[in-house]
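The values are calculated or read from the model by the stated rules, or taken from the named source; none is laboratory data. Not measured: the values here are computed from a predicted model. Here the Cβ is made from the backbone with ideal geometry for all residues, glycine too, and neighbour counts use every protein chain on show. With ligands, DNA and RNA removed, areas are computed over all heavy atoms of the protein, side chains included. Shrake-Rupley method; radii C 1.70, N 1.55, O 1.52, S 1.80 Å.
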Amino acid sequence: MLIEAAHKPRERLGAHLADEMAAVNDLIGQRMASKNAPRIPEVTAHLVDAGGKRLRPMLTLAAAKLCGYDGPYHIHLAATVEFIHTATLLHDDVVDESGQRRGRPTANLLWDNKSSVLVGDYLFSRSFQLMVETGNLRVLDILANASATIAEGEVLQLTAAQDLATDEAVYLQVVRGKTAALFSAATEVGGVIAGADEAQVQALFEYGDALGVSFQIVDDLLDFTGGDAIGKNIGDDFRERKLTLPLIKAVAKADDEERAFWSRTIEKGRQHDGDLDFALGLLKKHGALDDTRSDAMVWADKAKAALTVLPDDPIRDMLHDIADFVVARIS
């Protein structure tokens, strides 16, 4: 019931933006087409039609409407954001050698790694075409910077994920790159295209940034507490040797024997039967799961606080509830 209730804020926002979201979906369908390479729409449709939340493009539409925009280009920007997101998912699944996303086989499993990488590249190119059509140089700057930041965050994660020296500051840098950068860009460009004042544009950026950090922390926590809720098995991050926030917190409090365990399983990758249960025991022993949950709540509160300078509007209330929705799965 908690998960079901948690979806209502997003569904309310989706209903409020139904016409605009329909236009976004139509535009996505048009722009993912390819006369010369039919595999492009096949691969893209597999991921786009997989039942994703469309939260990021919805945030762009909401930000623009909240700031009084009545032009056509928030549709282009929302589609741009979704294309960037989809491209990064295609690339991520190749990098992570994933076989499942949203409860379905990944594109790289159904086709191959080459197709996933090249179709991801195509979607990035399409996203830049859409940006240019808005004729707004600042929007192009924001989304281009976000694309670079996302890639930078992913590369940083490659080196940090299996290094026990990785601390919470580095983790936050990774999360701000690979996840929060697109959330903050999605909300910020909505305000920019609407011609909002600088205080409101900054507030939208801060809302998206904090929401994105909270979103990723929740995802990382659920990997150890409720994998089915995100279409994963409990402990996938541990098995893939990813030092996410719960593990970083446990490593920081580890004694010599525990640190040797983390070194063997995460740094060296020598994992045995029973290691996941032992790791879960260490997380509980050091309060790492509860501390991670508290951090997610703090970031959700930051997101809600950023909204206070924005116009009093039902959309603002829905964005406030979206922040609550993000952490509802761990409450």
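Structure notes:
- Per-residue accessible area (protein heavy atoms, 1.4 Å probe) orders SER34, SER125 as SER125, SER34, starting from the largest.
- For segment 162-228: accessible area per residue (Å², 1.4 Å): 29
- Among PRO311, ALA33, PRO246 - extreme Cα towards positive end, dipole of the chain, charges at beta-carbon: ALA33
- Farthest toward positive dipole pole in the chain [+1 Lys/Arg, -1 Asp/Glu at C-beta], among PHE224, GLN173, ILE75: ILE75
- Neighbour count of at most 16 Cβ within 10 Å plus DSSP loop: longest trypsin sites (Lys or Arg not before Pro)-free window in the chain: 103-240
- Net dipole in debye of the chain [+1 Lys, Arg Cβ; -1 Asp, Glu Cβ; about Cα centre; nearest 20]: 560
- Surface accessible to a 1.4 Å probe, per residue, for the residues of segment 277-317, Å²: 50
- Folded to 0 to 90 degrees: helix 181-193 orientation relative to the chain principal axis, Cα: 20
- When the chain is treated as a GNM with alpha-carbon contacts under 10 Å, the residue of VAL192, VAL309, VAL213 showing the greatest mean-square fluctuation is VAL309.
- Simple spin-label estimate for GLN202 and LYS285 in nanometres, 7 Å along Cα-Cβ: 4.6
- Ignoring aspartates and glutamates fewer than eight residues from LYS302 along the same chain, the ones with Cα atoms less than 14 angstrom from its Cα are GLU206, ASP209, ASP321, ASP324.
- Here the extension length gained between SER294 and ARG259 equals 10.2 nm, from 0.36 nm per residue of separation less the Cα-Cα distance.
- Figure note: ASP312, ASP255, ASP219 ranked by solvent-accessible area, largest first, 1.4 Å probe, ligands and nucleic acids not counted: ASP312, ASP255, ASP219.
- Taking the C-alpha atoms only, the angle from helix 55-66 to the longest principal axis of the chain is near 40 degrees.
- Gain on full stretching of the segment that runs from ASP19 to VAL309 - 0.36 nm per residue minus C-alpha separation: 101.7 nm
- Length available on full extension from LEU140 to ASN113: 0.36 nm per residue minus the Cα-Cα distance, which gives 6.8 nm.
- Percent carbon-and-sulfur accessible area, the chain, ignoring ligands, DNA and RNA, probe 1.4 Å: 51
- Each of (i) 63, 45, 30; (ii) 61, 49, 37; (iii) 57, 57, 48 is a candidate for Cα extents along the principal axes in Å; the one calculated from this structure is (ii).
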